[in-house]
1. May I ask for the net charge around residue 372, where only other residues with Cβ less than 13 Å from the Cβ of residue 372 are counted and Lys, Arg are +1 while Asp, Glu are -1?
2. For residue 177, what is the net charge nearby, where nearby means another residue's Cβ is under 15 Å from its Cβ and Lys, Arg count +1, Asp, Glu -1?
3. Cα-Cα over 29 Å: which of 29/141; 292/383; 422/482; 292/362; 335/383; 36/482?
4. Using the Karplus equation 6.51 cos²θ - 1.76 cosθ + 1.60 (θ = phi - 60°), what ³J(HN,Hα) coupling, rounded to whole Hz, does each residue of the stretch 397-409 give in order, writing x for Gly and Pro?
5. Given 37 °C and 0.692 mPa s, how large is the Stokes-Einstein diffusion coefficient of the chain in µm²/s, with Rh as the Kirkwood radius over Cα pairs?
6. For the stretch 428-433, what does the Karplus curve 6.51 cos²θ - 1.76 cosθ + 1.60, with θ = phi - 60°, yield as ³J(HN,Hα) per residue in whole Hz, taken in order and with x for Gly and Pro?
7. Let me spell out the model: positive unit charges on the Cβ of Lys and Arg, negative unit charges on the Cβ of Asp and Glu, origin at the Cα centre of the stretch 146-267. What dipole size does that give, in debye rounded to 20?
8. Whole number please: convex hull volume per residue, Cα atoms of the stretch 398-437, in Å³.
Amino acid sequence: MASLLRAATWGLFPWRGYCSRGRKGELSKGFVEALKAVVGSPHVSTAAVVREHHGHDESVHRCQPPDAVVWPQNVEQVSRLAALCYSQGVPIIPFGTGTGLEGGVCAVQGGVCVNLTHMDRILELNPEDFSVVVEPGVTRKALNTHLRDSGLWFPVDPGADASLCGMAATGASGTNAVRYGTMRDNVLNLEVVLPDGRLLHTAGPGRHFRKSAAGYNLTGLFVGSEGTLGLITATTLRLHPAPEATVAATCAFPSVQAAVDSTVHILQAAVPVARIEFLDEITMDACNRYSKLNCSVAPTLFLEFHGSEKALEEQLQRAEEITQHHGASHFSWAKDAEERSRLWQARHNAWYAVLALRPGCKGYSTDVCVPISRLPEILVQAKEDLNASGLTGATAGHVGDGNFHCMLSVDPEDPEELRRVKAFAERLSRRALALHGTCTGEHGIGLGKRQLLQEEVGAVGVQTMRQLKAMLDPQGLMNPGKVL
Ligand SMILES: Cc1cc2nc3c(=O)[nH]c(=O)nc-3n(C[C@H](O)[C@H](O)[C@H](O)COP(=O)(O)OP(=O)(O)OC[C@H]3O[C@@H](n4cnc5c(N)ncnc54)[C@H](O)[C@@H]3O)c2cc1C
C-alpha cells in the first residue's frame, strides 16, 4: 500500500535528489551521512523497526514508515536539517509523541521524520505575565508537574500526554476547553523552522502579550497546520491561575436527549462549568470494567467546577437543580483530589476502555462539532445510525463545546467493515456540516478528511489554503498528503 501511494504521488515531484539510483523513495548513503553530520550518528536511524514505529499514530490509518528518523537536539540543528532536505527535495514529517488520531505522521511519500522529543526544556517561565515558553519535547503533564508549586497551570488536556507543540500543530483541546479555550486560544507565540530552514517567530522574537492588532495573525495560521507549513520548535503558552477549589460530579440520565438537554440548559443558565463531558451507556459500561468504577450504566455527565468555596456552592446547587429537572439520578460529588483524579483518569481512558471491548481491533474516532443548540438532535441521530449500521461503537464527548466522538472499534484487516466505518463517519460529518458545524473539532484533517475540508470551507477557501501552502512550502515537502 505504501509503495503504491508513493508511486501514485511520485509524478508530482519528479526529481528526488536524495534517492539511490533505481530505488525510488529510499535515501542515498550520502544523504544519510549528511543527516548524521548535522545531528550526530547516534541521532539518526534507518532501522526498519524504528521507521515502522514512526510511520503511524493511534489512528486506524495504515503504517507508512519514513525513510529515516532523526532526533535533533536544538533549533539550529532543526534549521540545518530542513535546509538540507529542502535542497535535496526530501519530504519532512514532524513527530511529537505520535498520539494523533488522523494519520498525521504517516510518511505517505517517505522522507525524513523529525522526532522532536529530545528538545524538552522549559525555556522561560513568566509567572507575573502568566506565560511559559517550552520546547517541542515538553508534554502537557510534564509542564503541569513543573508548574505544581507556582499557583499556575496549563488547562488544555487531550486525553493522551501529548507534546505541547504537537498539540499546537493539531489545534488540540480536551475536557477543559469549555472554560479555558483550546490551543487556538492559549498559544501566544510560536518559533517555527520554515521548510527552507529560515526561523520565524510568529508574534516576533520573545513577545508574549495578551492582545495584538499587529498585522496578519501568523500564530493562528500555524496553530492547526498539522506539520504542513513548518516545524514548531518552541511555543509560548498562556497560563491560568490554579483554581482555589475544585469539585467534580457525575449524574446519570434516563436518555441521551435528557443528558444533552441538561448540558445546553446549564450553559444557557451561564453556570461557569470547567468541564462538562457526556458518556453514553456503552462508554460507561466500558469505563466501569476498564477503570474499575462503579457508576450507573446509563447516559452520564461528568462535570467539574472551579472557583472559591462560596462560588462552588452556588454553581453546584444550580447545576443539580437543572440536571434534576431533566430527570437525572445518582448525582454524586467528588471533592477529594484522589477521587476526582480517578474519575477524570477514567474519562481520559474511555478510548482504551472502548477498544478493550473488542481485543485486537483498532479504533476510529469521529470528531464533529456543531453549534450547541443543534447538539441534541445530531447526537441522538448519530446513536440511532450507529445502532442501525451494526458497528461496534460508543459515544462520548466534550458536549459543552458541541463536540463529541463516536469511538468505533474496527478490524483493520476487514475491508468491508472499514468501508462501513468510513461511510458512517462521512454521513455523520456531512450531517454536522448541514447543521453549520465542522467535521473536526480537535483532531484535525490529517489523511482522511481532506474531501470533507473542501465541502466545509468551499472552493475559494481551499484555493486560499493551497496558495498559502504554496507560498510557504513551494516544493510541497512539509508533511505531504495531509490537510490539502
Ligand atoms: C486516548 C487519546 C485521547 C485523545 N483525546 C484527545 C482530545 O480530547 N482532544 C484532542 O484534541 N486530541 C485528543 N487526542 C489526539 C492527540 O492526543 C492530539 O491530536 C495531540 O495534539 C497530538 O499531539 P502529538 O504530540 O502526539 O502529535 P503527533 O501525533 O506526533 O503529530 C500530530 C500532527 O502534528 C504534527 N506535529 C507534531 N509535532 C509537531 C511540531 N513540533 N511541529 C510541527 N508539526 C508537528 C505531525 O506532523 C502530525 O501531523 C487523543 C489521543 C488519544 C490517543
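The numbers here are math on the coordinates, done by the rules we state, and not lab data. Predicted model, so just to flag it, every value in this text is computed and none were measured. Ideal geometry is used to build each Cβ from the backbone, glycine not excepted, and the neighbour counts take in all protein chains shown.
1. Net charge around residue 372: -2.
2. Once all neighbours under 15 Å are counted, the net charge is -1.
3. With Cα atoms farther than 29 Å apart: 29/141; 335/383.
4. Those phi angles translate into x, 8, 5, x, 9, x, 10, 9, 10, 8, 9, 10, 9 Hz.
5. 141 µm²/s
6. 5, 4, 5, 5, 5, 4
7. Computed charge dipole of the stretch 146-267: roughly 380 debye.
8. About 56 Å³ per residue, rounded to a whole number.
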